[in-house]
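Remarks on the structure that follows.
The values are calculated or read from the model by the stated rules, or taken from the named source; none is laboratory data. Keep in mind the model is a prediction, meaning the values are calculated, not measured. Glycine also receives a Cβ, built like all others from the backbone with ideal geometry; neighbour counts cover every protein chain displayed.
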């Protein structure tokens, strides 16, 4: 059985994409080993395939990336690996060196347009270093895939590499199905944001819209760099009774929360090409739960919402306009009836079980 290593820079706990890939590769006949890092606060990971997490001295800055890649390279070098898989650019240097020394194939799974992430905005020197690495290494991979057509097209043009598309869709057979009930007139409507509380996600805009909405609560399920700042904004605006911070939830609890929502939001801002081409997991999670959506007017999300007619498009993040869009999405029963009728079809089609064939097409050559 051929052994395939899947390297990520996180602690494995909530990275559902690499877990799905590992399970699919195991079904194909590979022996996957998932490699990440171990943080003091990391939860236990129990999987039916091998995992390895490294304790690092550094948690951020250039020293963190350097230490991680050195440690990863040494681990890969001493392991019996037949196919090396780098998840995102920050794991590619170690995988490239190990694959070339051992003369084994290298696969690149790009979860995002790495050099265009908002965290690199205003940091031209750091961005230049990552872009240099990308230009140096990506053309040398043996196979590659990414999360949406827009990013795949950019990479094909830049590096003349045949990037396939494997969207990050949910495993529908694992989704806890629950019948979604419309709220009684006296119950507050729930707008849900799930995911990282990070820059460029439109969370602040959603909070600032809340004073213009009556009988509505905003639930934020997740944690991130802006958690403290967003909490302070809520207190400053006196919205403690209308905005609920639910924190980082385990998957089974998140399914339960999502099924209670009346509207799911994905309001990414156009901060660089990475967000412009965003196709977030949360959009598909809302769809699986039968929840209508409100998304930014960014191409990949718009295409899904317009194709299936399952929600509304926000052309702006201006607070009053956004509030009016939310009000219509929550209370316009004619629109909601159409969306609710279309959501089951979208949920049936947008499944990992259907997307898995594209993953197989990437890896079957290495069996």
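Of note:
- Any hit, segment 234-241, residues being buried (at least 16 other Cβ atoms within 10 Å of the Cβ) and in a helix (DSSP H, G or I): yes
- The lone exception for residue 46 - which of (1) under 27 Å from residue 355 (Cα atoms); (2) outside any strand (DSSP E or B); (3) at pLDDT 95 or above it fails: (3)
- Any chance residue 185 is surrounded by 13 or more Cβ atoms within 10 Å (Cβ to Cβ), modelled with pLDDT under 90 and closer than 27 Å to residue 322 by Cβ: no
- So residue 218, is it part of a strand (DSSP E or B) and either at positive phi or surrounded by 16 or more Cβ atoms within 10 Å (Cβ to Cβ) (or both): yes
- Checked against the criterion of being without any contact (Cβ under 8 Å) to a residue 40 or more places away in the chain, surrounded by 15 or more Cβ atoms within 10 Å (Cβ to Cβ) and touching a strand residue (DSSP E or B) at 6+ places or on another chain (Cβ under 9 Å), the candidates 196, 206, 227 yield just one match: 227.
- Residue 299 meets the conditions (1) farther than 26 Å from residue 204 by Cα; (2) outside the structural domain of residue 147 (by TED's automatic domain parsing) in every case but one. The failed one is (1).
- Count of residues meeting criterion [closer than 21 Å to residue 21 by Cα, touching a helix residue (DSSP H, G or I) at 6+ places or on another chain (Cβ under 6 Å) and without any contact (Cβ under 8 Å) to a residue 40 or more places away in the chain] in segment 146-160: 1
- In segment 70-181, counting only helices (runs of 4 or more DSSP H) that sit wholly within it, the ones holding 3 or more residues that are touching a strand residue (DSSP E or B) at 6+ places or on another chain (Cβ under 9 Å) and either in the same structural domain as residue 330 (by TED's automatic domain parsing) or within 22 Å of residue 9 (Cβ to Cβ) (or both) span 92-102, 149-159.
- Candidate set: segment 260-273, residues that are touching a residue at least 60 places away in the same chain (Cβ under 8 Å) and surrounded by fewer than 20 Cβ atoms within 10 Å (Cβ to Cβ); chosen: the one nearest to residue 112 (Cα to Cα): 273
- Residue in segment 21-37 that is touching a residue at least 60 places away in the same chain (Cβ under 8 Å), under 28 Å from residue 150 (Cα atoms) and not in a helix (DSSP H, G or I) present: no
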